[in-house]
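Q: Just dropping this structure here.
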């Protein structure tokens, strides 16, 4: 292929010093918020998953959970260690954005600008603060983008195999990598580089990616494809309807308004015929945008997965501008990123954050169907979990020892269940829940005599139990409204068939 980069052609040197400074700056920013608030709802669930390793879970593939299990095996359930590990993954993502700029021909300025823009994006700061599959998702997207550019430029089999490995591991983390694969496929078919399809490389990459994800696919099949049900329920019952203009504005905010001149320049430059080797990065963005708009319901932050490739291209474009222009775009990036950082990661105490929120007139927003409290949901979900476990433990302590030993505790959602399991260990009877993968783990062995029910309406519980007593309350003023003033019931004499009741209560969302 004439477009291939000769093997002898050298990429610009890796700007190790510049990238190291960016990495240190990002780590220092994250360090202001490591344990500022508390455990995030999803982290509690992921710890529960890491206690029960499998090839899949209702709401995610297994990779991020397996890595969390390794972190827990080394350091236990220490929030600081888990948060530092997530931050290191987020910083690695930013460094790969810089490496992608180098792959496109960028020197020190371009590499540093791409890394800084990727690392300071509000979405990156936010998901880099806590453990989730999302922090790995953005890592695999930018890694696969880099390897795709390299494979298309060199045509080497090893580059294609590396791309297949990245895509396969990405699919073991989150299914959204399918959007990336679709974008890359469209990019190849619509360009003169489609001739590469006559070689072994792309097909070996696809085969390797599929082989890696086979164990998870077999798990999905064995469990009735629960992730498809989870995604369908989230789209139809949980997420708000998608308005295209608000979606695009939301993506721009999630990627960082100061980064817009960089990635928009990259999008434009990648569509210029003279830069055909950059074009796959633009097509991946446009295909992902089309998929998300067609879905009718999606989070704006999903589209930011396709932005780092454009940041790399844009950074290379800006590197060719005059020094004053380079300084201006860099200053704008930082100047607009820092005021928004408190909305992405809890680097301010709550009173200071609330004051800052009022000053900027940015009221808490949601893309889901529920009421908001004083804090944005991703902050509200970091409050009240130890206190909730303490409240349930106090109710459990009122039961006679023999009754408590036979009892179970039923939580309404995976955050509550994870909190009771982590913070109530040894004090709260066996925990169970019908939300997401907790449903698949089933109820603990139970004789139907006594249950502690968290968050259940007493009149509803009375239809299943002979006796129901409101024995306490749980909640935190800064938590989400639906986690405040929760009744804690002691219910005795289960009347229904447990297997039937458990199946009817399945809640994948």
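The values are calculated or read from the model by the stated rules, or taken from the named source; none is laboratory data. Treat the numbers as computed from the prediction; the structure is a model and nothing was measured. All Cβ positions, glycine included, derive from the backbone under ideal geometry; neighbour counts span all protein chains shown.
Q: With (1) within 21 Å of residue 48 (Cα to Cα); (2) assigned to a helix (DSSP H, G or I) as the list, and residue 460 as the residue in question, which single condition is left unmet?
A: Evaluating residue 460 over (1) within 21 Å of residue 48 (Cα to Cα); (2) assigned to a helix (DSSP H, G or I) leaves (1) as the failure.
Q: Could you tell me whether the range 483-497 includes any residue that is farther than 28 Å from residue 380 by Cβ, touching a helix residue (DSSP H, G or I) at 6+ places or on another chain (Cβ under 6 Å) and not in a helix (DSSP H, G or I)?
A: Looking through the range 483-497, at least one residue is farther than 28 Å from residue 380 by Cβ, touching a helix residue (DSSP H, G or I) at 6+ places or on another chain (Cβ under 6 Å) and not in a helix (DSSP H, G or I).
Every residue, every condition in (1) in contact (Cβ under 8 Å) with a residue 60 or more places away in the chain; (2) more than 28 Å from residue 106 (Cα to Cα), yes or no:
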residue: 310; (1), (2): no, no
residue: 313; (1), (2): yes, no
residue: 326; (1), (2): yes, no
residue: 331; (1), (2): no, no
residue: 349; (1), (2): yes, yes
residue: 356; (1), (2): no, yes
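Q: Follow-up question, since we're still on this one. For the range 478-493, what are the residues that are within 25 Å of residue 440 (Cβ to Cβ) and in contact with a strand residue (DSSP E or B) (Cβ under 7 Å, 6 or more places away or on another chain)?
A: 486, 489, 491
Q: Do we find that residue 196 is surrounded by fewer than 17 Cβ atoms within 10 Å (Cβ to Cβ), assigned to a helix (DSSP H, G or I) and in the same structural domain as residue 296 (by TED's automatic domain parsing) in this structure?
A: No; evaluated as a whole, the condition is false for this residue.
For every residue, the table says whether it meets (1) more than 21 Å from residue 498 (Cα to Cα); (2) free of Cβ contacts under 8 Å to residues at least 24 places away in the same chain; (3) touching a strand residue (DSSP E or B) at 6+ places or on another chain (Cβ under 8 Å).
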residue	(1), (2), (3)
420	yes, no, yes
430	no, yes, yes
444	no, no, yes
448	no, no, yes
454	no, no, yes
457	no, no, yes
467	no, no, yes
473	yes, no, yes
476	yes, no, no
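Q: Which is assigned by TED's automatic domain parsing to the domain that holds residue 189, surrounded by fewer than 21 Cβ atoms within 10 Å (Cβ to Cβ), modelled with pLDDT of 95 or more and farther than 20 Å from residue 311 by Cα, of 65, 70? Steps first, answer last, please.
A: Working: 65 fails: surrounded by fewer than 21 Cβ atoms within 10 Å (Cβ to Cβ).
Just one listed residue meets the conditions, 70.
Q: Filter the range 26-43 down to the residues that are in a helix (DSSP H, G or I) and without any contact (Cβ under 8 Å) to a residue 60 or more places away in the chain and list them by number.
A: 28, 31
Q: Now a separate question. Picking from 269, 298, which residue would you name as being touching a residue at least 40 places away in the same chain (Cβ under 8 Å), on the phi < 0 side of the Ramachandran plot and touching a strand residue (DSSP E or B) at 6+ places or on another chain (Cβ under 9 Å)? Steps first, answer last, please.
A: Working: 269 fails: touching a strand residue (DSSP E or B) at 6+ places or on another chain (Cβ under 9 Å).
When all the criteria are applied, what remains is 298.
Q: Yes or no: the range 77-91 includes at least one residue that is in the same structural domain as residue 113 (by TED's automatic domain parsing) and part of a loop (DSSP other than H, G, I, E, B).
A: For the range 77-91, residues in the same structural domain as residue 113 (by TED's automatic domain parsing) and part of a loop (DSSP other than H, G, I, E, B): present.
Q: Here is a further query. Does residue 391 meet the test of being farther than 22 Å from residue 508 by Cβ, outside the structural domain of residue 127 (by TED's automatic domain parsing), touching a residue at least 40 places away in the same chain (Cβ under 8 Å) and under 31 Å from the mean Cα position of the chain (by Cα)? Steps first, please.
A: On the way: farther than 22 Å from residue 508 by Cβ: yes; outside the structural domain of residue 127 (by TED's automatic domain parsing): yes; touching a residue at least 40 places away in the same chain (Cβ under 8 Å): yes; under 31 Å from the mean Cα position of the chain (by Cα): yes.
Here the answer is yes, as residue 391 does meet what is asked.
Q: Would the range 152-163 turn up any residue that is out of contact with any helix residue (DSSP H, G or I) (no Cβ under 7 Å at 6 or more places or on another chain) and not in a helix (DSSP H, G or I)? Step through it out loud before you land on a result.
A: Let us first name the residues in the range 152-163 that are out of contact with any helix residue (DSSP H, G or I) (no Cβ under 7 Å at 6 or more places or on another chain), namely 154, 156, 158.
After this cut, where a residue has to be not in a helix (DSSP H, G or I) as well, the list is 156.
Yes: the range 152-163 contains one or more residues that are out of contact with any helix residue (DSSP H, G or I) (no Cβ under 7 Å at 6 or more places or on another chain) and not in a helix (DSSP H, G or I).
Q: Take the range 347-360 and flag every residue that is in a helix (DSSP H, G or I) and touching a helix residue (DSSP H, G or I) at 6+ places or on another chain (Cβ under 7 Å).
A: 353, 356, listed by residue number.
Q: Being farther than 18 Å from residue 186 by Cβ, free of Cβ contacts under 8 Å to residues at least 24 places away in the same chain and in the same structural domain as residue 335 (by TED's automatic domain parsing): is that true of residue 243 here?
A: yes
Q: So, one more: For residue 50, are the conditions met, namely being under 25 Å from residue 311 (Cβ atoms), touching a residue at least 12 places away in the same chain (Cβ under 8 Å), surrounded by fewer than 24 Cβ atoms within 10 Å (Cβ to Cβ) and touching a helix residue (DSSP H, G or I) at 6+ places or on another chain (Cβ under 9 Å)?
A: Details: under 25 Å from residue 311 (Cβ atoms): no; touching a residue at least 12 places away in the same chain (Cβ under 8 Å): yes; surrounded by fewer than 24 Cβ atoms within 10 Å (Cβ to Cβ): yes; touching a helix residue (DSSP H, G or I) at 6+ places or on another chain (Cβ under 9 Å): yes.
Spelling it out, it is not the case that residue 50 is under 25 Å from residue 311 (Cβ atoms), touching a residue at least 12 places away in the same chain (Cβ under 8 Å), surrounded by fewer than 24 Cβ atoms within 10 Å (Cβ to Cβ) and touching a helix residue (DSSP H, G or I) at 6+ places or on another chain (Cβ under 9 Å).
Q: Return yes or no: is residue 106 outside any loop (DSSP other than H, G, I, E, B) and either in contact with a strand residue (DSSP E or B) (Cβ under 9 Å, 6 or more places away or on another chain) or within 29 Å of residue 178 (Cβ to Cβ) (or both)? Explain how you work it out, then say what you get.
A: Working: outside any loop (DSSP other than H, G, I, E, B): no; either in contact with a strand residue (DSSP E or B) (Cβ under 9 Å, 6 or more places away or on another chain) or within 29 Å of residue 178 (Cβ to Cβ) (or both): yes.
No; evaluated as a whole, the condition is false for this residue.
Q: If I filter the range 303-313 for residues that are surrounded by fewer than 20 Cβ atoms within 10 Å (Cβ to Cβ) and closer than 30 Å to residue 112 by Cα, do I get at least one hit?
A: Among the residues of the range 303-313, not one is surrounded by fewer than 20 Cβ atoms within 10 Å (Cβ to Cβ) and closer than 30 Å to residue 112 by Cα, which makes the answer no.
Q: Let me ask something additional. The conditions are (1) touching a residue at least 24 places away in the same chain (Cβ under 8 Å); (2) touching a strand residue (DSSP E or B) at 6+ places or on another chain (Cβ under 7 Å); (3) over 17 Å from residue 414 (Cα atoms), and residue 496 fails exactly one of them. Which is it?
A: (2)
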